[in-house]
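In what follows, a structure is listed as structure tokens, so that the remarks can point back to it.
The values are calculated or read from the model by the stated rules, or taken from the named source; none is laboratory data. Since the structure is predicted, the reported quantities are computational estimates derived from the model, not experimental observations. Neighbour counts run over all protein chains shown; Cβ positions are idealised from the backbone, glycine included.
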């Protein structure tokens with residue numbers, strides 16, 4: 001019987017586990033090795049790790065956790081979970097069953113990208129979602145924003161801080177008069193012709209054959225939980241401007257007693273540093289729930 005089973009061993013899950021391990025609690029982390037930022041070669045905006053390969057950050061964190069004798073790390077996927085507070089079970093894809101007093105869902109999210117040929121292959125390399133993570137490296141070059149919905153207007157309004165912006169409506173957004181005036185005041189060009197495909201590093205080919213060269217592209221992907229586990233267990237979900245997340249209280253406990261959630265799957269906006277902070281808070285709150293059940 002573990003004190004806590006952490007489903008998801010990326011930044012939030014490991015940050016939570018660290019707090020629990022330092023309280024000498026029995027912790028099992030189940031991880032299938034699919035970090036959300038696995039497509040990016042550099043992580044930015046995380047104090048002390050700016051510009052470092054995100055895989056190296058994760059590997060260093062895992063090595064530090066391994067020094068604690070109460071950690072068990074399981075490489076695999078949780079396919080089902082159930083039970084009640086102090087008596088949960090988690091079924092793994094290999095057939096193994098884990099038992100724990102608490103469950104922490106740190107599964108992260110999946111990005112639903114626009115159906116633009118060439119975009120998915122460039123995700124995390126020359127197509128991004130967070131200007132704070134990737135805007136500086138574009139060196140004030142030309143930036144294209146590919147619309148996915150209403151949130152894209154906000155993205156196009158913000159990005160002139162990092163370069164000259166063209167807002168590619170792509171049939172997914174139609175700014176009203178006030179929004180167009182605001183975009184114009186920020187120097188944003190609005191392009192109504194749909195995007196046919198992306199070539200090269202960040203060359204947008206429009207439906208009318210024109211080609212627009214950019215230093216980088218941004219798009220507001222819709223996010224959904226990367227694992228169906230929370231919904232299958234009956235945890236309440238919440239719709240946000242960025243997509244679906246697991247609903248939690250301030251303590252990071254979900255609508256199910258004894259089941260907690262943290263990181264990208266349980267908060268917006270998203271970044272490595274915010275995920276680590278959220279995980280650290282969740283770990284402390286989990287420990288308190290074990291001390292004062």
Suppose we filter 115, 56 for residues that are more than 22 Å from residue 283 (Cβ to Cβ), within 23 Å of the chain's Cα centre (by Cα), without any contact (Cβ under 8 Å) to a residue 12 or more places away in the chain and not in a loop (DSSP other than H, G, I, E, B); which single one remains?
56
Filtered residue count, segment 209-241, keeping only those that are assigned by TED's automatic domain parsing to the domain that holds residue 194 and surrounded by fewer than 16 Cβ atoms within 10 Å (Cβ to Cβ):
4
Does segment 61-99 hold any residues that are under 18 Å from residue 227 (Cα atoms) and in contact with a helix residue (DSSP H, G or I) (Cβ under 9 Å, 6 or more places away or on another chain), and which are they?
78, 79, 80, 81, 82, 90
Sort through 26, 18 and tell me the only one that's assigned by TED's automatic domain parsing to the domain that holds residue 93 and touching a strand residue (DSSP E or B) at 6+ places or on another chain (Cβ under 8 Å).
26
Segment 94-112 - residue that is more than 18 Å from the chain's Cα centre (by Cα) and touching a residue at least 24 places away in the same chain (Cβ under 8 Å) and, of those, nearest to residue 278 (Cα to Cα):
103
The condition of being in contact (Cβ under 8 Å) with a residue 40 or more places away in the chain and assigned by TED's automatic domain parsing to the domain that holds residue 206 holds, among 77, 122, only for 122
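Residue by residue, here is whether (1) buried (at least 20 other Cβ atoms within 10 Å of the Cβ); (2) closer than 19 Å to residue 130 by Cβ holds:
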position	(1), (2)
149	no, yes
153	yes, yes
158	no, yes
165	yes, yes
168	yes, yes
174	no, no
182	no, no
